[in-house]
1. Charges only on Cβ, +1 for Lys and Arg, -1 for Asp and Glu: so what's the dipole of the chain about the Cα centre, in debye to the nearest 20?
2. Within the chain, count lysine pairs with alpha carbon atoms under 18 angstrom apart where the residues are 8 or more positions apart or belong to different chains.
3. Let a ≥ b ≥ c be the square roots of the eigenvalues of the Cα gyration tensor of segment 10-88; is it rounded (a/c under 1.5), or, if not, prolate (a/b larger than b/c) or oblate?
Amino acid sequence: MNSKPTSSATRIDAWLWAIRAYKTRSAATAACRAGHVRINGNPVKASQTVIIGDTVRVRQPGFERILEVRQLIAKRVGAEAASHCFTDHTPARPEPAALGLPQRDRGAGRPTKKDRRDMEKLRNAR
């Protein structure tokens, strides 16, 4: 049995690692086992093959990436070359809602006692 991926299909864990969606192939495999990866809407195992035109959904902390396979690769390549292997259909992430709390300038130091009291008033007023 040939263990090398064919030119018409590549393992999903190898492809995700090769396009730099995950830092290691074992992290990509673990994500597949945990159900964080779907191909065309179906949860997959790490050994599932991916073909050109498939839609891959990858759940990552805080958001989900939607990738369309444009080219199959099984070996890790540079970031520039990897970006040509998929089309990213991920919607733009919404800006986090402002809580209405005062923002301190970076490097302004620790809040004074008066600043802390003012912030506490704002928190309790909501």
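Readers should treat all values here as calculations from the given coordinates under stated rules, not as data from a laboratory. Since the model is a prediction, treat every value here as computed from it, not as a measurement. Because the Cβ atoms are built from the backbone with ideal geometry, glycine has one as well, and the counts that use them run over all protein chains shown.
1. Values: 25 positive and 11 negative charges, 142 e Å.
Rounded to the nearest 20 debye, it is 680 debye.
2. Working: Lys4/Lys45; Lys4/Lys75; Lys23/Lys75; Lys113/Lys121.
So the count works out to 4.
3. On the way: a/c = 1.34, a/b = 1.24, b/c = 1.08.
Rounded shape, in that the Cα axes give a/c under 1.5.
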